[in-house]
């Protein structure tokens with residue numbers, strides 16, 4: 001497993017080793033000890049989530065706050081997304097900075113999103129399946145987020161404005177300054 005820290009302290013891109021032959025391929029998706037050694041992350045993942053989305057869908061930017069804050073390990077099983085991570089730890093040297101990467105069922109890259117980061121993604125292929133593990137349980141009262149098109153964050157979601165599909169909840173999130 002190749003682990004590379006992004007421009008955001010504590011946020012990593014993970015490239016798992018893939019073994020292939022005439023039958024197909026085998027991917028070791030997660031190894032707790034190796035992951036801990038290379039990232040310093042020592043928690044247990046306790047929740048697994050999967051979404052299936054159409055081209056143009058944007059999910060995010062979200063986080064859980066307080067005692068329900070979550071770290072996530074995100075991967076795409078099928079299709080392609082632009083994964084977006086924003087550091088919102090007030091004491092961080094990368095506060096307000098953005099990291100983006102394309103994750104796909106072909107490149108098999110994963111992103112580790114630590115606690116204290118907003119996370120979201122735009123769907124770049126129909127029927128995209130995104131799977132992510134969390135180290136804490138979901139609590140609706142701990143939800144927070146920032147609107148996808150915030151002017152200060154200036155994120156290029158790789159979609160035309162007429163292609164974007166949002167949930168009602170995501171369409172009314174706060175701006176970064178309000179957050």
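The values are calculated or read from the model by the stated rules, or taken from the named source; none is laboratory data. Note that the coordinates shown come from a computational prediction; the quantities given were computed from them, not determined experimentally. Counting neighbours? That spans all protein chains shown, and the Cβs are built from the backbone with ideal geometry, glycine included.
When you go through (1) touching a residue at least 60 places away in the same chain (Cβ under 8 Å); (2) surrounded by fewer than 23 Cβ atoms within 10 Å (Cβ to Cβ); (3) within 15 Å of the chain's Cα centre (by Cα) one by one for residue 112, which number turns out not to apply?
(2)
Which condition number in (1) over 21 Å from residue 78 (Cβ atoms); (2) crowded, with 18+ Cβ neighbours inside 10 Å is the one that residue 151 fails?
For residue 151, the failing item is (2).
Taking the options 118, 159, 103, name whichever one is within 13 Å of the chain's Cα centre (by Cα) and over 26 Å from residue 28 (Cβ atoms).
118
Among the residues of the stretch 36-61, what is the count of those that are within 21 Å of residue 171 (Cβ to Cβ), at pLDDT 95 or above and crowded, with 17+ Cβ neighbours inside 10 Å?
6
State which residue is surrounded by the most Cβ atoms within 10 Å (Cβ to Cβ) when the search covers only the stretch 1-22 and only residues that are part of a loop (DSSP other than H, G, I, E, B) and in contact (Cβ under 8 Å) with a residue 60 or more places away in the chain.
By that ranking, first place goes to 11.
Within the stretch 142-158, is there a residue that is assigned to a helix (DSSP H, G or I), under 30 Å from residue 32 (Cα atoms), in contact (Cβ under 8 Å) with a residue 60 or more places away in the chain and in contact with a helix residue (DSSP H, G or I) (Cβ under 9 Å, 6 or more places away or on another chain)?
The answer is yes, given that some residue of the stretch 142-158 is assigned to a helix (DSSP H, G or I), under 30 Å from residue 32 (Cα atoms), in contact (Cβ under 8 Å) with a residue 60 or more places away in the chain and in contact with a helix residue (DSSP H, G or I) (Cβ under 9 Å, 6 or more places away or on another chain).
Residues in the stretch 91-101 that are touching a strand residue (DSSP E or B) at 6+ places or on another chain (Cβ under 7 Å) and free of Cβ contacts under 8 Å to residues at least 12 places away in the same chain: how many?
So the answer is 1.
If we scan the stretch 68-84, do we find a residue that is modelled with pLDDT of 95 or more, surrounded by 23 or more Cβ atoms within 10 Å (Cβ to Cβ) and closer than 21 Å to residue 177 by Cβ?
There is at least one residue in the stretch 68-84 that is modelled with pLDDT of 95 or more, surrounded by 23 or more Cβ atoms within 10 Å (Cβ to Cβ) and closer than 21 Å to residue 177 by Cβ.
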